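Colleague: Just passing along the structure, written as structure tokens.
Read the figures in this text as sums done on the coordinates, not as results from a lab. Computed from a prediction, not measured in an experiment: that's the story for all the values here. Every residue, glycine as well, gets a Cβ built from its backbone with ideal geometry; the counts of neighbours run over all protein chains shown.
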Amino acid sequence: MVEDYLSDREQEEALRNWWRENWRWIVGGIVLGVALLFGWFQWRDYRVDRSIEASKQYDELKLAVSSGDAAKVAKELGDLTSEHDKSPYAQQARLLVAKMHADAAKYDEALPLLRAVADNSKDDELASVAKLRAARILVQQGKYDEAIGSLKVDDLGAFAAQAHEIRGDANVAKGDETAARAEYAAALAAADDAQIDRNLLELKLQDVGGSAPEPAAKAGGQP
């Protein structure tokens with residue numbers, strides 16, 4: 001190393017020269033690092049505060065839904081979605097209010113809320129739930145082909161069985177028992193008991209002329 005051949009005085013002078021040439025960059029880097037760190041903490045605190053605010057508004061919305069105050073529900077939903085539309089609370093709020101409308105058979109009011117969640121939610125599971133609920137409403141409205149076409153089973157992952165069942169219901173309603181049998185059979189094949197009401201689904205399949213699958217044999221040849 002070059003330093004090994006320099007005297008102590010020469011090394012000290014070299015260090016002074018290096019500092020004179022570089023101190024601005026060093027100090028600037030430290031200041032920038034501190035500023036970035038401070039900004040990150042500020043942004044984190046802002047996000048936390050926004051999340052808390054959205055949570056409080058969502059709680060207010062739930063109270064309004066529970067009380068059946070339609071005017072307050074509309075106001076709380078409007079405030080939440082306008083101020084925190086990128087928050088997951090906004091999508092949960094749309095699902096909640098859509099359910100309220102659907103329970104009251106106000107399907108034209110529920111459907112746009114569900115479609116907004118299906119189209120915009122960053123949570124795939126939440127979007128899938130919205131798609132299923134929207135399809136059920138379309139069946140209630142007599143829009144059977146639209147309901148069937150809205151459910152792309154391959155895109156719904158763990159919700160595929162439920163999608164098949166809804167498509168089966170739509171086909172029953174439009175009088176196509178052959179298609180309904182295929183959908184119900186596919187639902188039974190795709191689902192586990194946590195996803196569907198298997199007994200009800202088997203009854204639906206039998207009602208359209210199908211046969212429920214035999215239960216799988218137990219291990220070891222036991223009946």
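Colleague: So what are region 9-211's ellipsoid semi-axes, whole angstrom, largest first, if each one is the square root of 5 times an eigenvalue of the alpha-carbon gyration tensor?
Modeller: 55, 25, 12
Colleague: Sorting check: for 120-131, 199-210, which peptide has the highest mean count of neighbouring beta carbons within 10 Å, and how do the rest follow?
Modeller: Result, highest mean first: 120-131, 199-210.
Colleague: Oh, and also: Which three extents, in angstrom, do the Cα atoms of region 83-130 have along their principal axes, listed largest first?
Modeller: 28, 23, 12
Colleague: Taking square-rooted eigenvalues a ≥ b ≥ c of the alpha carbon gyration tensor, is region 131-210 rounded, prolate or oblate, where a/c under 1.5 means rounded and, failing that, a/b exceeding b/c means prolate?
Modeller: Here region 131-210 falls in the oblate category.
Colleague: Where a Cα-Cα gap under 30 Å defines reach, which lysines qualify for residue 122, not counting those fewer than 8 residues away within the same chain?
Modeller: 56, 62, 72, 75, 86, 99, 106, 131, 143, 152
Colleague: Which of the peptides 137-150, 59-72, 178-191 is most tightly packed, and how do the rest follow, judged by the mean count of other Cβ atoms within 10 Å per residue?
Modeller: Most protected by this proxy first, the peptides run 178-191, 137-150, 59-72.
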